[in-house]
Amino acid sequence: MPPRGTLREVHDTLARIHRRLQQENRQIPSATDESHAVLDQNLLCPTFGLLQFRRVAWTHDLIETSERLHNCVSGYARAALCGEVILVVARDALNLPRLCLEIKAGQIIQYKLDHNRSPETADDLKTAGLYLKVTGLRAKATDLRQLPENGLTVPVLTPPLHPVHEDDLPF
């Protein structure tokens, strides 16, 4: 039975299959290293909703992320396998990759949205700043140059001056 679809669709499908056949699907060691577990975070992002930041576990995950985000993160497979870099992908509620990070020596080297875009909106920058804050990483990436010098400030909540009594509750 001949392949279905336009010539372009058949080409794209064969290209996706070819990339996976060229590269053995290998587990990336940093994904199971508990010393890097802090990199796995769930953060609420105004642009995409809940994002799950997870270390990339398999080399074929990098291929899928490259295809979805239209970038070259799959080219970092060897570096990730050798432990030179840690790659993190943030996925939305539909499990679609929305951004990826390259981390090296406690610093974010790259923080990329689709088509290698850097975060530009205030919401995207807040998400990046929050990720830096909760993971303790530093920003080396020029992608994050718009972040404030001191990172994000979190307002300190002060307790009420007087105690709340049961009679004051609305229920």
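Each reported figure results from applying straightforward, stated rules to the coordinates on display, with no laboratory input. Given the structure is predicted, the values throughout are model-derived calculations rather than measurements. Cβ coordinates were reconstructed from backbone atoms using ideal geometry, including for glycine residues, and neighbour counts include every protein chain displayed.
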Computed E for R68/D123 - FRET, C-beta separation, R0 25 angstrom, nearest 0.05
0.75
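Roughly speaking, what is the stretch gain from Q52 to H115, that is 0.36 nm per residue apart minus the C-alpha to C-alpha distance, in nm to one decimal?
That works out to 20.7 nm of additional length.
Which of the trypsin sites (Lys or Arg not before Pro) found in the stretch 77-146 are in a DSSP loop and have at most 10 neighbouring Cβ atoms, other than their own, within 10 Å?
R145
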Two-site label geometry, Q146 and Q23: point separation in nm, points 7 Å out along Cα→Cβ:
2.9
Would you mind calculating the relative contact order of the stretch 25-148 from Cα pairs under 8 angstrom and at least 6 residues apart, reporting the percent as a whole number?
22
Compute log10 of I(q)/I(0) for the stretch 25-148 with the Debye formula, placing one identical point scatterer on every Cα and leaving out solvent, at q = 0.13, 0.15, 0.18 Å⁻¹, to two decimals.
-0.44, -0.60, -0.90
How much length, in nm to one decimal, is gained on full extension between Q41 and K133, taken as 0.36 nm per residue of separation minus their Cα-Cα distance?
32.0 nm
